[in-house]
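Data first, discussion second: the structure below is written as structure tokens.
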Amino acid sequence: VLEAGAGTGMIFVPALKNGADIYGIDQSELMLGRLKEKLNKDEISRVLLQDIRRFRLDRKFKLVISPFRVFQHLLTIEDQLSALNCIYDHLEDGGKFIFDLFCPATERLRAEVTDNLEFESEYEPGKIVKRYYSVKSDYINQVQNVTFKYVWDDVEGERTSEYEFPMRYYFRFEVENLVARTKFKLENIFGDFKRCTLSNNSKEFIIVCRK
């Protein structure tokens with residue numbers, strides 16, 4: 001298995017511990033650094049700093065996954081096709097590529113969110129960290145601009161930092177046409193991780209492509 005967008009290892013680490021012959025790539029050196037801290041020395045070679053749009057590995061895989069909406073960080077059609085074609089080239093014949101996107105419900109796209117408290121927890125005894133998120137939609141470019149604001153207790157008092165990033169959203173037939181522009185065969189689009197049929201109540205696109 002290859003996880004394209006392994007991040008800090010939320011999927012990678014338990015998969016490896018449960019016997020998967022899994023490898024991972026990510027373009028974030030910082031996130032891979034945290035992932036490597038969780039691995040044994042002989043396992044570190046399984047993760048590589050590479051870009052999903054143009055990676056090159058010396059092996060092929062039966063399965064490639066890109067969980068946690070990795071594909072929504074690819075903003076242009078050129079980047080999306082480059083990633084799909086690169087993944088196709090790294091699959092064995094009959095291999096599958098599975099990735100997920102959120103299903104763009106119109107009410108969620110219309111609703112602008114400002115400083116919504118997402119979680120609050122202790123990161124050290126007696127010290128609290130809070131994360132707020134804000135979302136603003138750009139309809140023409142099919143992008144949701146997301147801001148995470150962290151507020152935490154420090155020795156000098158309360159500190160704040162913010163991180164902004166765009167997330168591209170996709171519609172059903174757009175996904176079908178995107179896959180059709182590659183050599184992939186679109187096997188299915190499920191409505192959730194339990195493989196339920198896609199419906200007007202679905203909150204997820206789970207896309208299964210086969211080489």
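Couple of notes before you dig in:
- Filter result (over 13 Å from MET167 (Cα atoms), open to solvent by 50 Å² or more (accessible area, probe 1.4 Å) and of a type in the set (D, E, K, R)) within segment 124-142: GLU124, LYS127, LYS130
- The residues of segment 99-113 that are without any contact (Cβ under 8 Å) to a residue 24 or more places away in the chain and either buried (at least 16 other Cβ atoms within 10 Å of the Cβ) or in a strand (DSSP E or B) (or both) amount to a single one, VAL113.
- Scanning segment 190-211 for residues that are farther than 18 Å from LEU84 by Cβ and in a loop (DSSP other than H, G, I, E, B) turns up GLY191, ASP192, PHE193, LYS194, ARG195, CYS196, LEU198, SER199, ASN200, ASN201, SER202, LYS203.
- Of the numbered criteria (1) buried (at least 18 other Cβ atoms within 10 Å of the Cβ); (2) over 17 Å from the mean Cα position of the chain (by Cα); (3) in a strand (DSSP E or B), the one GLU187 fails is (1).
- Every condition in (1) among the polar types (S, T, N, Q); (2) without any contact (Cβ under 8 Å) to a residue 24 or more places away in the chain; (3) assigned to a loop (DSSP other than H, G, I, E, B) holds for THR182 except the one numbered (2).
Yes or no, residue by residue, for (1) assigned to a loop (DSSP other than H, G, I, E, B); (2) among the hydrophobic types (A, V, I, L, M, F, W, C):
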| site | (1), (2) |
| --- | --- |
| ARG56 | yes, no |
| LEU75 | yes, yes |
| LEU81 | no, yes |
| LEU84 | no, yes |
| LYS96 | no, no |
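- Matching entry among LEU16, LEU35 (being in contact with a Ser or Thr (Cβ under 9 Å, 6 or more places away or on another chain), surrounded by 15 or more Cβ atoms within 10 Å (Cβ to Cβ) and not in a loop (DSSP other than H, G, I, E, B)): LEU35
- In segment 155-167, the residues that are more than 24 Å from the chain's Cα centre (by Cα) and open to solvent by 50 Å² or more (accessible area, probe 1.4 Å): VAL155, GLU156, GLU158, ARG159, THR160
Table: residues versus (1) in contact (Cβ under 8 Å) with a residue 60 or more places away in the chain; (2) out of contact with any Leu (no Cβ under 7 Å at 6 or more places or on another chain).
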position	(1), (2)
GLU29	no, no
LEU32	no, no
LEU39	no, yes
GLU43	no, no
ASP51	no, yes
ARG56	no, yes
ARG59	no, yes
LEU75	yes, yes
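- Positions within segment 49-98 being touching a Gly at 6+ places or on another chain (Cβ under 9 Å), crowded, with 20+ Cβ neighbours inside 10 Å and either of a type in the set (Asp, Glu) or more than 13 Å from VAL208 (Cβ to Cβ) (or both), in sequence order: ILE52, PHE61, VAL70, PHE71
- Look at segment 3-20: where a residue is at pLDDT below 95, no partner that is buried (at least 22 other Cβ atoms within 10 Å of the Cβ) and of a type outside the set (Phe, Trp, Tyr) sits 6+ places away or on another chain with Cβ atoms under 9 Å.
- Of the set (1) at pLDDT 90 or above; (2) more than 20 Å from ARG69 (Cβ to Cβ), all apply to GLY126 but (1).
- Segment 193-211, subset in contact with a Gly (Cβ under 9 Å, 6 or more places away or on another chain) and among the hydrophobic types (A, V, I, L, M, F, W, C), residue most open to solvent (accessible area, probe 1.4 Å): LEU198
The values are calculated or read from the model by the stated rules, or taken from the named source; none is laboratory data. The model shown is predicted, which means the values in this text are computed figures rather than measured ones. Cβ: placed from backbone, ideal geometry, glycine included. Neighbour counts: every protein chain shown. Ligands, DNA and RNA are excluded from the accessible area calculation, which covers all protein heavy atoms including side chains. Shrake-Rupley method; radii C 1.70, N 1.55, O 1.52, S 1.80 Å.
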